[in-house]
1. For the condition under 14 Å from the mean Cα position of the chain (by Cα) and either away from every other protein chain (no Cβ under 14 Å) or open to solvent by 20 Å² or more (accessible area, probe 1.4 Å) (or both), what is the one hit in A:Gly89, A:Gly113?
2. Looking at A:Arg169, A:Arg159, can you tell me which residue is open to solvent by 60 Å² or more (accessible area, probe 1.4 Å) and in contact with a Ser or Thr (Cβ under 8 Å, 6 or more places away or on another chain)?
3. With the structure loaded, tell me whether B:Ser174 is among the polar types (S, T, N, Q) and not assigned by TED's automatic domain parsing to the domain that holds B:Phe104 or whether it fails that test.
4. Would you say A:Val133 is open to solvent by less than 20 Å² (accessible area, probe 1.4 Å), part of a loop (DSSP other than H, G, I, E, B) and more than 26 Å from B:Arg79 (Cα to Cα)?
5. Criterion first (of a type outside the set (Ser, Thr, Tyr), in a strand (DSSP E or B) and open to solvent by 70 Å² or more (accessible area, probe 1.4 Å)) does B:Glu76 satisfy it?
6. Go through (1) over 30 Å from A:Ser165 (Cβ atoms); (2) in contact (Cβ under 8 Å) with a residue 12 or more places away in the chain; (3) surrounded by 11 or more Cβ atoms within 10 Å (Cβ to Cβ) one by one and return the number of the condition A:Arg39 breaks.
7. Would you point out the residue of the stretch A:142-189, among those that are in a helix (DSSP H, G or I) and farther than 28 Å from A:Leu111 by Cβ, that is nearest to the other protein chains (Cβ to nearest Cβ)?
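The values are calculated or read from the model by the stated rules, or taken from the named source; none is laboratory data. Because the structure is predicted, anything quoted here is derived from the model rather than measured. Don't worry about glycine lacking a Cβ; one is built from the backbone with ideal geometry, like all the others, and counts go over all protein chains shown. With ligands, DNA and RNA removed, areas are computed over all heavy atoms of the protein, side chains included. Shrake-Rupley method; radii C 1.70, N 1.55, O 1.52, S 1.80 Å.
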Amino acid sequence: MGAIDDLAAELSKLPGIGRKTALRLTYHLLKRTPEQSKRLASALTTLAEKVRPCPQCFNLTEEDLCSICRDARRDTGVICAVEEASDIGAIERSGEFRGVYHVLGGRLSPLDGIGPEDLTIPQLETRVSAGVVREVIIATNPSIEGETTALYVQRKLARYPLTVSRIARGLPVGGDLEYADGVTIAQALTARRAMS
Amino acid sequence: MPLLATEAIVLHAFDYLESSRIIRLLTREAGVQSALARGARKSRGRYGTALDLFAEGSAQLYVKPNRELHNLASFEISRTRGELAEDIGRFTAASTIAELALRFAGEADNPQLYDTIADVLDRIARSAPERTIEDGLAGCWRVVSVLGFTPELSSCALCHTPLRDSDDTTFSHSSGGIVCPACSKLAPGGRRIPSAARAAIRHWLEGDDSVHLIDAEARSHQRLLREFLGAHLADDRPLRAFAVWEHERWSAA
């Protein structure tokens, strides 16, 4: 039973998977053909061996640079700083941003022991200090921790001749004002803009 | 599953699975409780922006007996504390207060602790950037006091001899407060504190946060508080938020 226990133990380390689910998945894999299990093992091996952070923006990539950093059509003068690599996909889906990214690797959280030294803020400074960057858009989550992280980054970049901006907050498109909470409405009112 | 309806403050929140969040709440009726907030990360989730750190409101929890994680049914927000994100000193001080509550409050009902934490967070949220350490110190000592560990500051903690306010004294963590010169020999490891420092702690315990400290004094107070927590409250785990606040590691920005 060593192999079964070993796999169940590894699976139970994944988020949202407890001991019972891990065992259920293990027995499910045993019902599949050996080829199917080998393909899964191979995919995991490839993932572990090939996927790594882009040395420039810390997006995930299998190449020397990620596809966005390699894309000559992107505007390298505008950097959008996000918390996680998964946030890049959300912004890319909007189709509105043609600049490049910088993945901070999380957000400041004293309670979780995550400080600036755990994020890629120095690397962002290094990119900015090259002098090409005109604007850094800070797109951390609109939470207390995300806002504090944005404030910290903004202060770190204050000595460079560039614009530091923060993504706007407000009502979601398609939402009903009636059902929006007071905090969101207040922020939407604060960030209102003139119509022309 | 019994329903617990209570006032609550969000002290810690972390993402869980695709769209949910696990939150740790300080409740008025049941101390610190953990709850799963399903779909809380969705922009149109049922909690809206309510479940942000340090927010306060009316929570309804489906309590699972003999379990540590309950289900959050609703959270009706009454107070956000977005001002805490407008200054890094405020944020680290508030995180330290949250850490004290999370680590030492337990699950017993303690309305006084709830009211104290709410008031302390409000004060820190209003704190001027140059006063966040004083307000954080004041808040920490008030929380320590409500948790039942008020230091003795008027008379010797060992022989109970009254000591003059003007005297510089020895603060003995193991004895629980100041000690007279004679007893200080029985309480090794004490720290000399000036009368002004003793007065400052007394003011803070009384809710008076008008004390002004120079930088070196603030550092000494933080060190004294850390040692006191270590002697009376802390388990073996490090106080991470306290360490960030004490060393101001983030203020170099």
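1. That would be A:Gly89, the only listed residue that is under 14 Å from the mean Cα position of the chain (by Cα) and either away from every other protein chain (no Cβ under 14 Å) or open to solvent by 20 Å² or more (accessible area, probe 1.4 Å) (or both).
2. A:Arg169
3. yes
4. yes
5. So B:Glu76 passes the test.
6. Exception for A:Arg39: condition (2).
7. Restricting to residues being in a helix (DSSP H, G or I) and farther than 28 Å from A:Leu111 by Cβ, the top hit is A:Tyr179.
Table: residues versus (1) crowded, with 24+ Cβ neighbours inside 10 Å; (2) in a helix (DSSP H, G or I); (3) in contact with an Asp or Glu (Cβ under 7 Å, 6 or more places away or on another chain); (4) at positive phi.
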position: B:Ala94; (1), (2), (3), (4): yes, yes, no, no
position: B:Ile97; (1), (2), (3), (4): yes, yes, no, no
position: B:Ala101; (1), (2), (3), (4): yes, yes, no, no
position: B:Asp109; (1), (2), (3), (4): no, no, yes, no
position: B:Gln112; (1), (2), (3), (4): no, yes, no, no
position: B:Asp122; (1), (2), (3), (4): no, yes, no, no
position: B:Ile133; (1), (2), (3), (4): no, yes, no, no
position: B:Gly136; (1), (2), (3), (4): yes, yes, no, no
